[in-house]
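Visitor: This is the structure, below, for whatever I ask next.
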Amino acid sequence: MQLFNTIAETQYYLKTQQKAGKTIGFVPTMGALHSGHISLIESSKKENDLTVCSIFVNPTQFNNPEDLKKYPRTLEKDCEMLEAAQCDVVFAPSAEEMYAVLPKLKFDFGTLETVMEGKFRPGHFNGVGIVVSKLFHMVKPDKAYFGLKDLQQVAVIRQMVSDLSFDLEIIPCPTLREADGLAMSSRNTRLSVEARALAPHIHKLLVLAKEKLQSGESSVKTQAFAAEYFKNYPEFELEYLEIADFDSLETITQANTPGKTAICIAAFLGGVRLIDNIVF
Ligand code: PAF
């Protein structure tokens, strides 16, 4: 496995590989890898000659400086996991390398970013758009793999790829869960033992909300049910539970409309912000 810290080394190596006819699969990450990330690497390995993983905790997508400071950084362990998964290239640049000049460009993803994560984390998707487009230009992948736990991120990146005619395919991959239902996330490592024991309630609630919507309950009543549910678990601070169209992310009032429905949730638990969703 090759580990590069500079853009120049990465591009030099990848250009040589591409000239030799190799296809490139790309998994962008912020590190603190878990089995969910490794499943993206595995999907990429099945479909491409070469798999590249980037590890970069992108400061421009954090609207909360404390969250950026506390984000787990475990490069050595990440590289061991990637080596074991037979990833071919790791690109782990410093912030100075990625942002030698701070970008002035600003993305506007319209309604895709005025709801849910975009509403509660102003500027977040601009930072994601900037870093992902820079990475796409650096790596020039044929396919890029993203986990559906960040459903809104996948929608935003798809829009960006379509609007800016990036010559690559976005492959959304299913969320991996722990045995008790908790969605795998780098942030889970920050949960205390007590908080970790409670965390599966997020997924449990999503399953119950799905059942309610499927049995004809309205979105408003389902949201009220969610607020009520967390009254039994005051350790949680519910930020939002939204019922939205899977593609447009527009709010839907009843889940019997055509197309896929997504129930998306964000909640704080012991100071850690967790997100999850269920699609049906
Ligand atoms: O999903 C993430 O880990 C990040 O948002 C991404 C796509 C690597 C951009 O920094």
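The values are calculated or read from the model by the stated rules, or taken from the named source; none is laboratory data. Computed from a predicted model, the values in this text were never measured in an experiment. Every residue, glycine among them, receives a Cβ derived from its backbone with ideal geometry; neighbour counts consider all protein chains shown.
Visitor: So which of PHE91, PHE109, PHE146 is within 13 Å of the ligand (Cβ to nearest atom), under 30 Å from GLU239 (Cβ atoms) and aromatic (Phe, Trp, Tyr)?
Guide: PHE146
Visitor: If VAL128 meets every condition in (1) of a type in the set (Val, Ile, Thr); (2) more than 13 Å from the ligand (Cβ to nearest atom); (3) closer than 23 Å to ILE263 by Cβ; (4) surrounded by 20 or more Cβ atoms within 10 Å (Cβ to Cβ) apart from one, which number is that one?
Guide: With (1) of a type in the set (Val, Ile, Thr); (2) more than 13 Å from the ligand (Cβ to nearest atom); (3) closer than 23 Å to ILE263 by Cβ; (4) surrounded by 20 or more Cβ atoms within 10 Å (Cβ to Cβ) applied to VAL128, the lone miss is (2).
Visitor: Consider LEU68 against the criteria (1) within 16 Å of the ligand (Cβ to nearest atom); (2) in contact with a strand residue (DSSP E or B) (Cβ under 6 Å, 6 or more places away or on another chain); (3) without any contact (Cβ under 8 Å) to a residue 40 or more places away in the chain: it satisfies all of them except one. Which criterion is unmet?
Guide: With respect to (1) within 16 Å of the ligand (Cβ to nearest atom); (2) in contact with a strand residue (DSSP E or B) (Cβ under 6 Å, 6 or more places away or on another chain); (3) without any contact (Cβ under 8 Å) to a residue 40 or more places away in the chain, LEU68 is out only on (2).
Visitor: Shifting gears a bit: Of (1) farther than 30 Å from MET1 by Cβ; (2) out of contact with any His (no Cβ under 6 Å at 6 or more places or on another chain), ALA92 satisfies all except one. Which?
Guide: (1) is the only condition that ALA92 fails.
Visitor: List pairs: first residue in segment 169-188 and within 17 Å of ALA267 (Cα to Cα), second residue of a type in the set (Lys, Arg) anywhere in the structure, Cβ distance under 6 angstrom, at least six positions apart or on different chains.
Guide: So the pair list comes out as ALA183/LYS149; ALA183/ARG177.
Visitor: For THR16, indicate whether it is more than 21 Å from SER186 (Cα to Cα), among the hydroxyl-bearing types (Ser, Thr, Tyr), away from the ligand (no atom under 16 Å from the Cβ) and modelled with pLDDT under 95.
Guide: Criteria not met by THR16.
Visitor: For segment 220-252, enumerate the residues that are out of contact with any strand residue (DSSP E or B) (no Cβ under 6 Å at 6 or more places or on another chain) and among the β-branched types (Val, Ile, Thr).
Guide: Answer for segment 220-252, where residues must be out of contact with any strand residue (DSSP E or B) (no Cβ under 6 Å at 6 or more places or on another chain) and among the β-branched types (Val, Ile, Thr): VAL220, THR222.
Visitor: All but one of (1) in contact (Cβ under 8 Å) with a residue 40 or more places away in the chain; (2) more than 30 Å from ASN5 (Cα to Cα); (3) among the aliphatic types (A, V, I, L, M); (4) crowded, with 18+ Cβ neighbours inside 10 Å hold for MET160; state the number of the condition that does not hold.
Guide: (2)
Visitor: Considering only residues of segment 256-273 that are of a type outside the set (Gly, Ala, Ser) and crowded, with 20+ Cβ neighbours inside 10 Å, which is farthest from LEU68 (Cα to Cα)? Don't jump to the end; show me each part of the working.
Guide: So in segment 256-273, the residues of a type outside the set (Gly, Ala, Ser) come out as 256-258, 260-261, 263-265, 268-269, 272-273.
Then keep just the ones that are crowded, with 20+ Cβ neighbours inside 10 Å; that gives 261, 263-265, 269.
Numbers: THR261: 31, ILE263: 27, CYS264: 23, ILE265: 21, LEU269: 17 Å.
Among residues in segment 256-273 that are of a type outside the set (Gly, Ala, Ser) and crowded, with 20+ Cβ neighbours inside 10 Å, the one farthest from LEU68 (Cα to Cα) is THR261.
Visitor: Select the helices (runs of 4 or more DSSP H) contained entirely in segment 134-215, then report the ones holding at least 2 residues which are of a type in the set (Asp, Glu) and at pLDDT below 95.
Guide: none
Visitor: In the list SER165, SER215, which residue meets the criterion of being under 22 Å from SER248 (Cβ atoms), out of contact with any strand residue (DSSP E or B) (no Cβ under 7 Å at 6 or more places or on another chain) and loosely packed, with under 12 Cβ neighbours inside 10 Å?
Guide: SER165
Visitor: Restricting segment 1-34 to residues that are in a strand (DSSP E or B) and β-branched (Val, Ile, Thr), which is surrounded by the fewest Cβ atoms within 10 Å (Cβ to Cβ)?
Guide: The selected residue is ILE24.
Visitor: Of all residues in segment 22-36, which are within 13 Å of the ligand (Cβ to nearest atom) and more than 24 Å from ALA95 (Cα to Cα)?
Guide: We begin by selecting, within segment 22-36, every residue within 13 Å of the ligand (Cβ to nearest atom); these are 26-34, 36.
Hit for segment 22-36 is GLY36, nothing else.
Visitor: Can you pull out every residue in segment 37-58 that is more than 10 Å from the ligand (Cβ to nearest atom) and either closer than 18 Å to ARG273 by Cα or without any contact (Cβ under 8 Å) to a residue 12 or more places away in the chain (or both)?
Guide: LYS46
Visitor: In this structure, does THR189 turn out to be in contact with a Pro (Cβ under 7 Å, 6 or more places away or on another chain), β-branched (Val, Ile, Thr) and away from the ligand (no atom under 13 Å from the Cβ)?
Guide: Against the criterion (in contact with a Pro (Cβ under 7 Å, 6 or more places away or on another chain), β-branched (Val, Ile, Thr) and away from the ligand (no atom under 13 Å from the Cβ)), THR189 qualifies.
Visitor: Check whether at least one residue in segment 36-48 is acidic (Asp, Glu) and part of a loop (DSSP other than H, G, I, E, B), and report yes or no. If you could, list the steps in order and put the result at the bottom.
Guide: First, pick out the residues of segment 36-48 that are acidic (Asp, Glu): 42, 47.
Pick out the ones that are also part of a loop (DSSP other than H, G, I, E, B) and you get none.
No, segment 36-48 has no match at all.
Visitor: I would also like to ask the following. Answer yes or no: is there a residue in segment 75-82 that is in contact (Cβ under 8 Å) with a residue 60 or more places away in the chain and either within 13 Å of the ligand (Cβ to nearest atom) or within 30 Å of GLY271 (Cβ to Cβ) (or both).
Guide: yes
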